[in-house]
1. Check whether at least one residue in the range 102-110 is in contact with a helix residue (DSSP H, G or I) (Cβ under 7 Å, 6 or more places away or on another chain), modelled with pLDDT under 95, crowded, with 23+ Cβ neighbours inside 10 Å and not in a loop (DSSP other than H, G, I, E, B), and report yes or no.
2. For the list (1) modelled with pLDDT of 90 or more; (2) not in a strand (DSSP E or B), I need the number of the one condition that residue 69 fails.
3. Answer yes or no: is there a residue in the range 231-249 that is at pLDDT 95 or above and under 23 Å from residue 109 (Cα atoms).
4. Can you name every residue in the range 137-148 that is surrounded by fewer than 17 Cβ atoms within 10 Å (Cβ to Cβ) and farther than 22 Å from residue 277 by Cα?
5. Tell me, which residue of the range 89-98 that is part of a helix (DSSP H, G or I) and out of contact with any helix residue (DSSP H, G or I) (no Cβ under 9 Å at 6 or more places or on another chain) is farthest from residue 210 (Cα to Cα)?
6. State whether one or more residues within the range 183-190 are within 24 Å of residue 91 (Cβ to Cβ), surrounded by 13 or more Cβ atoms within 10 Å (Cβ to Cβ) and touching a helix residue (DSSP H, G or I) at 6+ places or on another chain (Cβ under 7 Å).
7. Please tell me if residue 31 is in contact with a strand residue (DSSP E or B) (Cβ under 8 Å, 6 or more places away or on another chain) and at pLDDT 80 or above.
């Protein structure tokens, strides 16, 4: 496979996503910014993700997108990917289909870990778990041009050689804790990017089914918190329920735009939830 990505190694940054944003106009499509250490890495919900030199992989992938043909709804990344004269993948993604990037990124991480003997699952939308422990986090930041994406910065923090974690982190793990083997982070990044590039050309129906096959707690009863009322006044509804209602549910799948579909066992109904509208009870 011809490598279409370029990796740039940085000694230390505040955040690879922030660094990519600062230089987005000068960065080519499929460029990768990786830092040996970062001090202000950001995860979902504003959580910080710091890394010490040589212990973990902290990097951001920059994707730049082409324009979709007027009047046509493109199928997403995989079926619209093509090669430019310069040999770079030229991608087209409609804004409503942006969850395809979450699928590609999550599946690439799961496959990479599998090659190292680690069985991982995807905690919707894109945290990566080994059992009940988090080994990797992802933060995707998209920019729009009309109805399409113009660029995406995919920030990934993968615990590789870290043995000791902040006691305030609830459930971390790392590759070395799972396998006992120390890894070369530079080789790991190249291996991951080969997998990621391959997934950019994967067919969309296969992406969906493959993502679901690795979805954490899929078809398994578990406890959740319905957060959809958190922004409302603390007032019980007609059934006496308050914001942040805990319930037993079963993940049944995804909506076409990537919302989580959970069967509420107690109410006997299916509910679609966007990010931050539902929380897992670990």
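The values are calculated or read from the model by the stated rules, or taken from the named source; none is laboratory data. Computed from a predicted model, the values in this text were never measured in an experiment. Counting neighbours? That spans all protein chains shown, and the Cβs are built from the backbone with ideal geometry, glycine included.
1. no
2. Only one criterion in (1) modelled with pLDDT of 90 or more; (2) not in a strand (DSSP E or B) is unmet by residue 69, namely (1).
3. Checking the range 231-249: not a single residue is at pLDDT 95 or above and under 23 Å from residue 109 (Cα atoms).
4. Within the range 137-148, 143, 144, 145, 146, 147 meet the criteria.
5. Of the residues in the range 89-98, the ones part of a helix (DSSP H, G or I) are 95-97.
Adding the requirement that they be out of contact with any helix residue (DSSP H, G or I) (no Cβ under 9 Å at 6 or more places or on another chain) leaves 95-96.
Values: 95: 22, 96: 20 Å.
Selected residue: 95.
6. First pass over the range 183-190, keeping only residues within 24 Å of residue 91 (Cβ to Cβ): 189-190.
Of the ones still in play, those that are also surrounded by 13 or more Cβ atoms within 10 Å (Cβ to Cβ) are 189-190.
Retained after the next criterion (residues that are touching a helix residue (DSSP H, G or I) at 6+ places or on another chain (Cβ under 7 Å)): none.
No: zero hits.
7. It is true that residue 31 is in contact with a strand residue (DSSP E or B) (Cβ under 8 Å, 6 or more places away or on another chain) and at pLDDT 80 or above.
Residues are listed down the side, and each one gets a yes or a no for (1) in the same structural domain as residue 53 (by TED's automatic domain parsing); (2) touching a residue at least 60 places away in the same chain (Cβ under 8 Å); (3) out of contact with any helix residue (DSSP H, G or I) (no Cβ under 9 Å at 6 or more places or on another chain); (4) surrounded by 13 or more Cβ atoms within 10 Å (Cβ to Cβ):
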site: 114; (1), (2), (3), (4): yes, no, yes, yes
site: 117; (1), (2), (3), (4): yes, yes, no, no
site: 125; (1), (2), (3), (4): yes, yes, no, yes
site: 135; (1), (2), (3), (4): yes, no, no, yes
site: 150; (1), (2), (3), (4): yes, yes, yes, yes
site: 153; (1), (2), (3), (4): yes, yes, no, yes
site: 169; (1), (2), (3), (4): yes, no, yes, no
site: 176; (1), (2), (3), (4): yes, no, yes, yes
